[in-house]
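Each reported figure results from applying straightforward, stated rules to the coordinates on display, with no laboratory input. Not measured: the values here are computed from a predicted model. Cβ placement follows ideal geometry from the backbone for every residue including glycine, while neighbour counts extend to all protein chains displayed.
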Amino acid sequence: MRRLLSLLFLLAPLHVLGGNQVYVKLSESTRASMQAQLADRAVPFLNFTDPGNAQKWVYEMSKRLQQRMPDRKQRFEFLKTVHHEALRARLDPQLVLGLIEVESGFRKYAVSSAGARGYMQVMPFWVKEIGQPDHNLFGLRSNLRYGCLILRHYLDIENGDYFRALGRYNGSLGRAEYPTLVHAHWKRRWSYDGPTS
């Protein structure tokens, strides 16, 4: 019975909370910087100074994600990529996991009513603004790289204010619901006391 309930939970349609990121023309220097970061094709890896810490982090996060992503290999690749792209953008990997849970419910092919795509619900205008025509926003690496880069951009604009940066990310700047929800998932469901790098 428990397996059946788990399967029904995974198959049930989830409400996608991806908002409507607002297009704001980037300065040439910001665009060039973001494009350069997208162009880097380094293989994702767990960037921990101690391999034991990497194993502990993956084990702990994998346990929490198992119901949403039952396939062990898929889960490992997902977590490895989240960790890599989050640290690359100077973000807490657990924040990114909380954001993904709220945005897409960990559904790779989620599409919001506004047209945002994938795990991190990236709006297609970002591909035209900073990417290449062949970038697939449903691809794991592309989606996470764009999403983390965009969130870092908004954090920089807002001088590190997570509340306002998350509002910008979701297209709900000035409203508390979305930033509060992401923060709650980040700190309650995905908090991790061990080292993350």
Need one word for the range 82-197: rounded, prolate or oblate. Basis is the Cα gyration tensor (sqrt eigenvalues a ≥ b ≥ c); a/c below 1.5 gives rounded, then a/b vs b/c decides.
rounded
Ranked by Cβ crowding within 10 angstrom, fewest neighbours first, how are Y169, Y162, Y178 ordered?
Y162, Y178, Y169
Lysines within cross-link reach of K128: Cα-Cα under 22 Å, excluding same-chain residues under 8 positions apart?
K25, K108
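Where a ≥ b ≥ c are the square roots of the eigenvalues of the C-alpha gyration tensor, would you call the range 115-162 rounded, which needs a/c under 1.5, or, failing that, prolate if a/b is larger than b/c, or oblate? Spell out each step's value before the answer.
Working: a/c = 2.28, a/b = 1.80, b/c = 1.27.
Prolate.
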The answer for V122, listing residues at least 5 apart or on another chain whose modeled amide H is closer than 5 Å to its amide H, is R117
Name the lysines eligible as straight-distance cross-link partners of K56: C-alpha to C-alpha under 19 Å, and not fewer than 8 places from it in the same chain.
K73, K80, K187
What nm distance separates the two modelled labels at N53 and R72, each placed 7 Å from Cα along Cα→Cβ?
2.6 nm
Please work out whether the range 131-197 counts as rounded, prolate or oblate from its C-alpha gyration tensor, where a ≥ b ≥ c are the square roots of the eigenvalues and a/c under 1.5 means rounded, while otherwise a/b larger than b/c means prolate and anything else oblate?
oblate
